[in-house]
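Here's the structure, in structure tokens; my notes come after.
Values in this text are rule-based calculations from the coordinates and carry no lab data. Here the structure is a predicted model, which means the values were calculated and not measured. Using ideal geometry, Cβ is built from the backbone for each residue, glycine included, and neighbour counts are taken over all protein chains shown.
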Amino acid sequence: MIYQFRSKAGPDVIMLADLSQRIFDILGRPLESRGILTTEQLPSLIHMLETAILKDLEDRAQINTAEEPGSTKPKLADRLGQRAYPFLELMKQANSMGEPVMWGV
């Protein structure tokens, strides 16, 4: 499934279900076919996602320094910060302009 997130504050962000579910798990919210992130919720949700991205970077740095011969590195495509960046930017733009983020409408 594909999710299209919209806000009057910025361009639409389209994500596949796996990434959308991963982000919404981080935000502690159920991912439904339709929904809204209100302007009141955005500051704390932005903080949660930024914290998760920093933790992911720290975990990857530890894995790279403790790497043993023959072990496999985490896939670069799975890097949370890179994959979640468009959604995070949409939330930041919406927050700065006092607009909600919606999907499925």
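The table below gives the values:
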| read-out | value |
| --- | --- |
| Under 11 Å from the residue 85 label point (7 Å along Cα→beta-carbon), backbone N, the range 11-46 | none |
| Exposure proxy ranking, count of Cβ atoms within 10 Å, fewest first, for 2, 26 | 2, 26 |
| For the chain: relative contact order, % (alpha-carbon pairs under 8 angstrom, 6 or more apart) | 47 |
| Angle in degrees between helix 17-27 and the longest Cα principal axis of the chain, rounded to the nearest 10 | 90 |
| Nonlocal amide H pairs with residue 9, under 5 Å, H built at 1.01 Å | none |
| Exposure proxy order (Cβ contacts within 10 Å, fewest to most) of 5, 87 | 87, 5 |
| Computed lengthening from residue 25 to residue 8, 0.36 nm per intervening residue step minus Cα-Cα distance | 3.7 nm |
| Cα gyration tensor shape of the chain, rounded if a/c is under 1.5, else prolate or oblate by comparing a/b with b/c | prolate |
| Dipole of the chain, positive end: most advanced residue of 91, 44, 54 [Cβ charges, Cα centre] | 91 |
| Cα long-axis angle, helix 80-97 against the chain (0 to 90 degrees, to the nearest 10) | 30 |
